[in-house]
Amino acid sequence: MKLDRFINRPVLSTVISILIVILGAIGLATLPITQYPDIAPPTVSVRATYTGASASTVLNSVIAPLEEQINGVENMMYMTSTASNTGSGEISIYFKQGTDPDMAAVNVQNRVSMAQGLLPAEVTRVGVTTQKRQTSMLVVFSLYDETDTYSESFIENYAKINLIPQVQRVPGVGDASVMGQDYSMRIWLRPDVMAQYQLIPSDVSAALAEQNVEAAPGQFGERSNQTFQYTIRYKGRLQQPEEFENIVIKSLPDGEVLRLKDIAEVQMDRLGYNFTNRVNGHKAVTCIVYQMAGTNATQTISDIEALLDEASKTLPAGLKLNISMNANDFLFASIHEVLKTLFEAFILVFIVVYIFLQDLRSTLIPTIAIPVALIGTFFILSLVGFSLNLLTLCALVLAIAIVVDDAIVVVEGVHAKLDQGYTSARLASIDAMNELGGAIVSITLVMMAVFVPVSFMGGTAGTFYRQFGMTMAISIGLSALNALTLSPALCAVLLKPHKKEDGTTEDSTLKERMKVAYTAAHTTMINRYTEAIGKMLHPGITLTFTLIAILGMIFGLFSINPIVTAIFVVLSILALIGMSTKKFKNRFNDTYESILKRYKKRVLFFIQKKWLSMGLVVASIAILVFFMNTTPTGMVPNEDTGTLMGAVTLPPGTSQDRSEKILARVDSLIASDPAVLSRTMISGFSFIGGQGPSYGSFIIKLKNWDERSMIQNSDVVVGSLYMRAQKIIKEAQVLFFAPPMIPGYSASTDIEVNMQDKTGGDLNKFFDVVNDYTAALEARPEINSAKTSFNPNFPQYMIDIDAAACKKAGISPSDILTTMQGYYGGLYASNFNRFGKMYRVMIQSDPLSRKNLESLKNIKVRNSAGEMAPIAQFISVEKVYGPDIISRFNLYTSMKVMVAPASGYTSGQALTALAEVAQENLPTGYTYELGGMAREEAQSSGSATGLIFVLCFVFVYLLLSAQYESYILPLAVLLSVPFGLLGSFLFVNGVSAIGNISALKMILGTMSNNIYMQIALIMLMGLLAKNAILIVEFALDRRKMGMSITWAAVLGAGARLRPILMTSLAMVVGLLPLMFAFGVGAHGNRTLGTASIGGMLIGMICQIFIVPVLFVIFQYLQEKVKPMEWEDIDNTDAVTEIEQYAK
């Protein structure tokens, strides 16, 4: 391969690299920033309200007909629905990844339109809304009154009028749900007065329909000879309570008229009284913003923050805005940690490479290659539509050790030529690249072949693998380009011919020798100081200082305080000075030469004991298979996001007033925790239970990660709050949990299990089955808790109408039900306009007239003769018990069970327990389906993941077969890889075991075979294969020159020991900050670092001994099939080795 053009034209080589960096910088500026790739399934929600209806009524009359039509819509995965006693119903339809969310919403809306004729008139009048949005929260913010001077209705409607419309216009916002109510003109009827005037609620509704209207009377003078034309106006809808009070209801016999104020109290208040909000104890209104599918969440959040920041400048005195949850906080903190790790890895890799190369010029060449390859990657990522997320950044961290290896190979090759006596670094670079160019290209193709197959995997895991794999492949490709262009050019410019003891080269001219003589005098003084420092900095002291500096960087000790920082900086400088001394370099080289001699003897021993080596290979594969089947699995580890959720469930039937008092006690409990920054309370709503007066929720914002100690992570805070709540709050069930790691799936990190009744049986029997199942689950060690929010014991009254009595009295049953709805449930009677918006006019009995069962005695209905009759004469009332919320999953009645894995167990183990317990305990006709992230994990943890690894092996095998023209020799490379993979499993399981048996369980967490570990395994397959390939390549070269197979293997391995140790240790040391990470993103970083370091260490140690043995075995078999064809290779080192060892 002719690469001398780039060596002879160093400016061209540098221009290419500069262009790569510039394009990469442009790509970085345009890359969208996200936490993870866009993996959440497009979701469309359908919502409807049936005022005053019970959950069963909403289910039967609203949910059922809508679901029947929506079911089977194009690309639908599954569908959930809920109906509550508040009269609200919601259906969520989840679509396959890649579905166009706009088309999904259109298709659902078309299906909804087909069901409109089957819905109650009250429902269609209010409207059925269809929205495309994710189910997870993007931002939660609150408007609160820190002076406690404003009413709740004012705060709620100020937000609805002035803030929410702007938020809804932000690109990417799918929905902005306000935990509050619109203004409403409330007409509080007095039933006793109504009865006196022989009125029923429908009379008031009719009067409103007559007198509160908009009209278009027309114009005067249109198409006439008049000079002017006038538009005729009507006052239109009423606006003020006083205007509604004067509505005429009927005329009285004495000539007077009965007005609305005579039979009711009119008040502009709230449409409903379902929610109460508090922020740090102050009255507030909370808004939950949901993302629109397929949009950039990070940009959307940034736009919302900018909008709220601008809006806060014009708020009325006393009102403040508080953002209690912001997904960007965790994202940017995580990215900051990864970038910090990237920088630390860069420094640590530089130190390790410098120790091995012992020359600053030589070290600069691979160091310069790192940023060129990494920054250039951003440009291609932007072209292919990827984002800058945690996975792509982690891939770049792992890529450091790989991209530096290509440049090291070039530097080593040039130094080898200079050692042979080359007096020109340019000629040495040209000859070295002629030998190495083909090997670099072939090895790069093999490395990229490891990462390309993962791009074909579907599902959520496939999206993760695709972004990671393509990022690695791109960086490796750019690294090879650097190794072929920039690195040899830098070698030609920076490296100098190797000098003899007197400082001259073999062919030094008189001028050069004179220059050396004059320079010697100049450097004498410097050498004296250097020698003095060398005497003080013994190699042992230098090594100690180096280790202290590395440990300080790993554990973040540099940033504790200025004094400690200064100490570590001084030690680091002394370590660098010590490493540059001749004494340290000589000691290092002597130690390495001693290790190399012993290493060759050990390699020869293993070759002579082939049965032992092959036994180790077989054992490693067997143990690897064992660990792959037994290591706990997971999707993405739970992290400390800086936000916690709380869910409070009170006994069925608890009034809202009672609930608010208990929630205030929980709020005080949360406020007392030193790790808590702020808390938002929502009464009447639960993130896991639904809506109603028996529920409450909290959004808890923790202090910044830097302001919390290691023992104040979110897991510890959750455990502390839960234990304290159990002791103090006896009247309610209080749960605390972290928000989901991957947005768009569920409200919590727990496993979502949707129990299904396919028998169509009784809810109480179904509830008993679910209770038996959850009890069996909680008996398993893998399960910490299995709870369902379903409760069939809410006190209710069942009314039965005596149709015969109604017939005799000239009353229809519908008259009784309509009258009861008007007094108790409320009637949407009309509309009015204020503040540029349209609000509802609601008719309902005043609260005191409907507070208990006895109030029915005061309710009267009008018969056909115009007479009033007590409604109690026609109905019977029975106290019953039933649910406040009824759910369905894929058209079957369902009960949601939230399962939390026990400490020390992973979600994968919990999923296995779910299936086993279901097999043993669920009767025929009852089953379950997973929802949320658990559904994705169950689908991705099967054979598809294993198939990807098999494909990686096959791709590498085929490329190596083509390279070696052999189907046998590639096995020498592939059979060494399982050692490294086994090392990953050993380290991950070992660290988990240490955490489980120690007091650090809540801090360290439990590692699993999750996405982070799997991407580490994929990376290791490539890097370990690369190390093995280079050993095999060097051994094969020596064999082709006539050396025996055994000595070719021994000396080939010895020739590659130094670069293998260099690159492997560079990677291990560079990833130590990940392995010992704490704080934001720590769980994922620790898993990635532990798996990578364990695999690299174990793989390197085993490979350097086993690969030569495998080469001997398979090369012997290959030569049995096809005899070796000898080649005349111009390699002085190899010739010397042959003369010494050939047999």
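If you take the residues in region 217-234 that are assigned to a loop (DSSP other than H, G, I, E, B) and touching a residue at least 12 places away in the same chain (Cβ under 8 Å), which one is nearest to residue 843 (Cα to Cα)? Outline the logic, then answer.
As a first pass, look at region 217-234 and keep what is assigned to a loop (DSSP other than H, G, I, E, B): 217, 221-229, 233-234.
After this cut, where a residue has to be touching a residue at least 12 places away in the same chain (Cβ under 8 Å) as well, the list is 217, 233-234.
Working: 217: 29, 233: 28, 234: 25 Å.
Checking each candidate, the answer is 234.
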Expected single match for of a type in the set (Ser, Thr, Tyr), surrounded by fewer than 22 Cβ atoms within 10 Å (Cβ to Cβ) and not in a loop (DSSP other than H, G, I, E, B) among 429, 442 is 442
Could you look through region 542-570, keep only residues that are more than 36 Å from the chain's Cα centre (by Cα) and buried (at least 17 other Cβ atoms within 10 Å of the Cβ), and pick out the one that is nearest to residue 1052 (Cα to Cα)? 543
Would you say residue 682 is touching a residue at least 24 places away in the same chain (Cβ under 8 Å) and closer than 29 Å to residue 327 by Cβ? yes
Which listed residue, of 382, 362, is of a type outside the set (Asp, Glu) and more than 21 Å from residue 476 (Cβ to Cβ): 362
In this structure, does residue 633 turn out to be under 30 Å from residue 334 (Cβ atoms), in contact with a helix residue (DSSP H, G or I) (Cβ under 8 Å, 6 or more places away or on another chain) and β-branched (Val, Ile, Thr)? yes
Residues of region 648-670 satisfying the condition of being at pLDDT 90 or above and within 30 Å of the chain's Cα centre (by Cα): 648, 666, 667, 669, 670
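Across region 62-79, which residue is nearest to the chain's Cα centre (by Cα) among those that are buried (at least 16 other Cβ atoms within 10 Å of the Cβ) and in a loop (DSSP other than H, G, I, E, B)?
Checked region 62-79; the qualifying residue nearest to the chain's Cα centre (by Cα) is 75.
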Scanning region 1105-1143 residue by residue, those assigned to a helix (DSSP H, G or I), at pLDDT below 65 and surrounded by fewer than 20 Cβ atoms within 10 Å (Cβ to Cβ) turn out to be 1132, 1133, 1135, 1136, 1138, 1139, 1140, 1141
Test set (1) closer than 30 Å to residue 592 by Cα; (2) of a type in the set (A, V, I, L, M, F, W, C); (3) crowded, with 23+ Cβ neighbours inside 10 Å - residue 360 fails condition number: (3)
Matching strands (runs of 3 or more DSSP E) fully within region 618-734 where at least 2 residues are surrounded by fewer than 19 Cβ atoms within 10 Å (Cβ to Cβ): 676-686
Within region 296-307, which residues are surrounded by fewer than 19 Cβ atoms within 10 Å (Cβ to Cβ) and not charged (D, E, K, R)? 296, 299, 302, 306, 307
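One line per residue, one yes/no per condition, for (1) over 19 Å from residue 1062 (Cα atoms); (2) not aromatic (Phe, Trp, Tyr):
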{"position": "546", "(1), (2)": "no, yes"}
{"position": "555", "(1), (2)": "yes, no"}
{"position": "610", "(1), (2)": "yes, yes"}
{"position": "621", "(1), (2)": "yes, yes"}
{"position": "624", "(1), (2)": "yes, yes"}
Kindly indicate whether any position in region 313-322 is in contact (Cβ under 8 Å) with a residue 60 or more places away in the chain and in contact with a Lys or Arg (Cβ under 9 Å, 6 or more places away or on another chain). yes
Count of residues meeting criterion [out of contact with any strand residue (DSSP E or B) (no Cβ under 8 Å at 6 or more places or on another chain), surrounded by fewer than 19 Cβ atoms within 10 Å (Cβ to Cβ) and outside any helix (DSSP H, G or I)] in region 735-779: 3
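Kindly evaluate residue 832 against the criterion of being assigned to a loop (DSSP other than H, G, I, E, B) and crowded, with 20+ Cβ neighbours inside 10 Å.
no
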Quick check: anything in region 61-73 free of Cβ contacts under 8 Å to residues at least 24 places away in the same chain and outside the structural domain of residue 935 (by TED's automatic domain parsing)? yes
What's the total number of residues in region 107-116 that are aliphatic (A, V, I, L, M) and either in contact with a Pro (Cβ under 8 Å, 6 or more places away or on another chain) or exposed (fewer than 15 other Cβ atoms within 10 Å of the Cβ) (or both)? 2
Among residues of region 330-344, those that are under 13 Å from the mean Cα position of the chain (by Cα) and of a type outside the set (Gly, Ala, Ser), counted: 4
Need pairs with beta-carbon distance below 9 Å; first residue free of Cβ contacts under 8 Å to residues at least 60 places away in the same chain and within region 193-206, second in a helix (DSSP H, G or I); sequence gap 6+ or separate chains. 196/263; 203/194
What number goes with the only condition from (1) under 30 Å from residue 495 (Cα atoms); (2) polar (S, T, N, Q); (3) under 26 Å from the mean Cα position of the chain (by Cα) that residue 392 does not pass? (1)
Might you let me know whether region 477-494 holds any residue that is in a helix (DSSP H, G or I), β-branched (Val, Ile, Thr), within 42 Å of the chain's Cα centre (by Cα) and at pLDDT 80 or above? no
Starting from region 871-885, take each residue that is part of a strand (DSSP E or B) and surrounded by 22 or more Cβ atoms within 10 Å (Cβ to Cβ) and list its partners that are of a type outside the set (Gly, Ala, Ser) and modelled with pLDDT of 90 or more, counting only C-beta distances under 9 angstrom and pairs at least six apart or across chains. 885/82
Which is among the hydroxyl-bearing types (Ser, Thr, Tyr) and in the same structural domain as residue 437 (by TED's automatic domain parsing), of 49, 86, 14? 14
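What residue, of 1072, 1030, 1065, 1017, is surrounded by fewer than 24 Cβ atoms within 10 Å (Cβ to Cβ) and under 22 Å from residue 470 (Cβ atoms)? Outline the logic, then answer.
Numbers: 1072 fails: under 22 Å from residue 470 (Cβ atoms); 1030 fails: under 22 Å from residue 470 (Cβ atoms); 1065 fails: under 22 Å from residue 470 (Cβ atoms).
Residue meeting the stated conditions: 1017.
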Qualifying residue in region 198-215 (condition: over 30 Å from residue 846 (Cα atoms) and assigned to a loop (DSSP other than H, G, I, E, B)): yes
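Restricting attention to region 806-829, does a residue exist that is in a strand (DSSP E or B) and polar (S, T, N, Q)?
no
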Give the residue, chosen from 701, 661, 727, that is in contact with a Lys or Arg (Cβ under 8 Å, 6 or more places away or on another chain) and not small (Gly, Ala, Ser). 701
Any residue at all in region 819-826 that's surrounded by 14 or more Cβ atoms within 10 Å (Cβ to Cβ), in contact (Cβ under 8 Å) with a residue 60 or more places away in the chain and more than 49 Å from the chain's Cα centre (by Cα)? yes
Condition broken by residue 433, with the remaining ones in (1) modelled with pLDDT of 80 or more; (2) under 30 Å from residue 936 (Cα atoms) satisfied: (2)
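Among the residues that make up region 780-787, is at least one of them in contact (Cβ under 8 Å) with a residue 40 or more places away in the chain, assigned to a strand (DSSP E or B) and of a type in the set (S, T, N, Q)?
Taking every residue of region 780-787 in turn, at least one turns out to be in contact (Cβ under 8 Å) with a residue 40 or more places away in the chain, assigned to a strand (DSSP E or B) and of a type in the set (S, T, N, Q).
The values are calculated or read from the model by the stated rules, or taken from the named source; none is laboratory data. Source: prediction; values computed, not measured. Positions of Cβ are generated from backbone atoms using ideal geometry, with glycine treated the same way; all protein chains shown enter the neighbour counts.
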